[in-house]
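All of the numbers you see were taken from the coordinates with simple rules; none came from a lab. Given the structure is predicted, the values throughout are model-derived calculations rather than measurements. As a convention, Cβ positions derive from the backbone with ideal geometry for all residues, glycine included, and neighbour counts pool all protein chains shown.
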Amino acid sequence: MKNMLRGLLAASILAGAAVATPAFAQDEGEITVSANVAMVTDYRFRGVSYSGGDFAIQGGVDIGHSSGFYIGTWASSLEPTSTGYGNTEVDLYGGYSGAISDTLSFDVGLLYYLYPSASGDTDYFEPYASLTAAVGPAEVTAGVAYAWEQDSTLNQDNLYLYADVGFGIPNTPVSVSGHLGYTDGVWSPETYSIFGTNDQTAFDWSIGASMAVMGPLEVGVSYVGVEAPSNENIAFGPVMNDTVIATLSASF
């Protein structure tokens, strides 16, 4: 569900990277199966548009065990000329999550990004880990994702640190969330600059709200920003200007 799993759910919802709410769930004893589907006005991953600033269709399936282990897959449509990854992204992941105390939980796992229609070597692995704590009415998450040096990462690594906060507004169906991320490495937005900047660090951020509107349907809106070169100075097309993203998802 392209949310770096449970630890990155708030960030992914806000960034439009995958508003991955379960579209159905079936409990078979110790096994729980869920799925998700969504349409977003822009697919932003850590502030960078992978859909060229246009609509994207997304969805996935997750299988969890009562022990805490889980596996899943998630996919999204892409804009081929925006990032060079072709027209489809497919993510495979697996991990383990559990409670440390009544107010603190953890999540660790490995995510594999695949781009089936891309030319060249673009697929790569990225382990992740996060801690989530209940702080009064809010839920706060801090996490890290690290891609080591691989052929598809131009033999460079990438570190991503993030913090999320989310809470429901009392006596309303509205939930509000915020996200702050920091990239250091090959996937920094600065590396897309035609000027060949050596700065491989950048912050991305978002704030948004969502609410259930009818049965399984949920709508959301978020404002997303990122430190990046101006669009006129981008090497091959990814959109990185600040934007408002709308989301329609289903869960049942």
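Data for the structure
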{"quantity": "Relative contact order of the stretch 120-185, pairs being alpha-carbon contacts under 8 Å that are 6 or more residues apart, as %", "calculated": "26 percent"}
{"quantity": "Viscosity 0.692 mPa s, temperature 37 °C, Stokes-Einstein D of the stretch 69-178 from Kirkwood C-alpha radius, µm²/s", "calculated": "203 µm²/s"}
{"quantity": "Under 9 Å, Cβ to Cβ, from Trp148 - net charge with Lys/Arg +1 and Asp/Glu -1", "calculated": "-3"}
{"quantity": "Convex hull per residue volume in Å³, alpha carbons only, for the stretch 63-114", "calculated": "92 Å³"}
{"quantity": "Computed over the stretch 104-159, Kirkwood Rh from alpha-carbon pairs, angstrom", "calculated": "13.1 Å"}
{"quantity": "Under 10 Å, Cβ to Cβ, from Tyr182 - net charge with Lys/Arg +1 and Asp/Glu -1", "calculated": "-2"}
{"quantity": "Cα-Cα P(r), the stretch 23-104, percent of pairs per 5 Å interval", "calculated": "3, 14, 19, 17, 15, 13, 10, 6, 2, 0"}
